[in-house]
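Down below is the structure, laid out as structure tokens.
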Amino acid sequence: MNIVDNVLFQAIVQPKAPALAAPGTGIGLVSYGRLAQIMRNIAHRLSRSGIGSGTIVAVSIEDPIFETAVLLALTRMGAVCISGFDEQVRNIVRLDAVVTDRELPPTGSEKIVGVDLYWTHGEQETWPPECSSQIHPDDLCRITLTSGTTGRPKAVALSHALLSARIARHISVFGPQVMQNVRMFSDLPVGTSLGFQFLIFTLWRGGLFVFPGKSFDDTIDAFHDFGVGCCLSSPGGLEVLLKWFERYPALQSEIDVIMSAGDMLPKPLVDRVRSRICPHLVNVYSSTEASITATAPAHLVEEVPGAVGLVNPGSVVEAVDESDAVLPAGTEGLLRVTSPFAVDRYFEDPAASAAVFRDGWFYPGEIGSVEADGVLRLTGRNDTLLNLGGDKISPEAIEAVIAAFPGVTECAVFASANEFGNKEVVAVLVAREMMDEAKLKAHCSAHLALPFVPAKFIRAVHLPRNPMGKVDRRRLPSLLEAGSRTVA
């Protein structure tokens, strides 16, 4: 089955129902019937451009509804799609074509197909003759880049069957509150693994998928106008949403459930989101390679340091030592994951694949433990350990201490050379108020060994994050270089 078939079925049984909304943008709102019509119109034009089954196509279009219609049309045609296009994408994936509304110089070997909203016009009643929904389950349909938090992103290719299995699993992983709320808002880009999964998951059920609006006012209005009951966000996105609700005390939240993915949820953020917006906040631990691995209501695991959720049925997570020996429950080690929902290699990258895929296991580079009750704890990454003159520690261990200080909303640390060339810890803080230098340092000194106490604290409006919402640690030093305000 083509993953788009269920979407087209909804267009038959409820053509007038709203399918996609992007308040304040070009198209704004489209029904299932109109979406199917637009997809057919686009498919005929793409077919005349020489794009068909098996073609690897990058899609870069500003209007989110138009972009989604192009992605769905391409997928129905049997093409393999990747969202977004830049030199990084070009260097990672060998593309056959780029479909875009931007002016791009023809510097690569791929075909550039220029589009505009006129492509949505027309009354095509059928799909192009060469477009068949009878695809093989193992045919590829989607390529997603990993977040690249610690280095060069990798390409992960998914078949129709594997992507369908990942999406269908949402029913058991998230339960009735998500299933009952068919009107969803997501601030995770469609180019991310979860962003695209929940787009298709919502359309499969005949629901309404709401993109961020042109302005935040438009987005908040859409929550009320469309009765949004479910929200998918990163911790950074949740912070923005929370600030908006706290700015307007009279604003009532009608959200029933929030899923947060992309990074650890800081406890101060959990407490404030649950108090002001929605008490049912679900933490999601996932990766592009292995999909959703652990989930749990935030309040269920918030007292367990580093807990990201309960390992989901179907996924197996183990902590191992350097020789790959499995460690006892609760013992910290290098984590590995195996799952029927995981891929076993990166797309056309055998060297990178060999580094993290071994004997049926995926090694995400995380350090942590699996408790006897199935709670998955993360304590750091194997490739982000801070080496301070031979004293090593995960940045997350320091960040957990700083985050416990009153007034700190979130933080991130990195190592920077001092005037003598030795590495010392620098902490970047996002805080609601000015910090007391003496108390902050005393707090850190009481909980950390001397080499790990930050030598400098700097304030920032927000932490740099990648599209998935994870802290982009590579950009942290630029805050120091830019002269962000020092508070200690």
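Each value in this text was obtained by applying a stated rule to the coordinates, not by laboratory testing. Because the structure is a prediction, the values reported are computed rather than measured. Glycine gets a Cβ as well: all are built from the backbone with ideal geometry, and neighbour counts include every protein chain shown.
Quick look at the values:
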| read-out | value |
| --- | --- |
| Of the DSSP H helices in the chain, those whose Cα atoms cover at least 20 Å axially and whose Kyte score averages -1.0 or more | 32-48 |
| Ascending count of other beta-carbon atoms within 10 Å, so fewest first, for Met1, Met179, Met39, Met435 | Met1, Met179, Met435, Met39 |
| 26 Å Cα-Cα reach of Lys16 towards lysines, excluding residues that sit fewer than 8 places from it in its own chain | Lys214 |
| Distance violations [Cα-Cα > 24 Å] among Lys267/Lys423; Lys243/Lys439; Lys267/Lys441; Lys243/Lys423 | Lys267/Lys423; Lys243/Lys439; Lys243/Lys423 |
| Relative contact order, percent, region 196-328 [alpha-carbon distance under 8 Å, six or more residues apart] | 15 percent |
| Net charge, Lys267 excluded, C-beta distance under 13 Å - Lys, Arg +1, Asp, Glu -1 | -3 |
| Extension reserve of the His121-Ser53 stretch, reckoned as 0.36 nm per residue once the Cα distance is removed | 22.1 nm |
| Nonlocal amide H pairs with Arg358, under 5 Å, H built at 1.01 Å | Tyr363 |
| Burial order of peptide ranges 258-266, 344-352, 18-26 (average beta-carbon count within 10 Å, highest first) | 258-266, 18-26, 344-352 |
| Matching label, semi-axes √(5λ) of the Cα gyration tensor in Å computed from the structure shown, candidates (i) 39, 25, 22; (ii) 43, 25, 22; (iii) 36, 34, 19 | (i) |
| Net +/- balance of residues flanking Gly314 in space, Cβ distance below 12 Å, scoring K and R +1, D and E -1 | +2 |
| Over the chain: helical MRE at 222 nm, DSSP H runs n ≥ 4 each giving -39500 (n - 2.57), nearest 500 | -8500 deg cm²/dmol |
| Rg in Å to one decimal, and Dmax rounded to a whole Å, for region 386-481 via C-alpha atoms | 12.8, 37 |
| Gain upon complete extension [Glu103, Val326; 0.36 nm per residue less C-alpha separation] | 75.0 nm |
| Under the Karplus curve 6.51 cos²θ - 1.76 cosθ + 1.60, θ = phi - 60°, whole-Hz ³J(HN,Hα) for region 377-383, x wherever Gly or Pro sits | 10, 10, 10, x, 10, 5, 9 |
| Cα-based shape type of region 1-82, given that a ≥ b ≥ c are square roots of the gyration tensor eigenvalues and the cut on a/c is 1.5 | oblate |
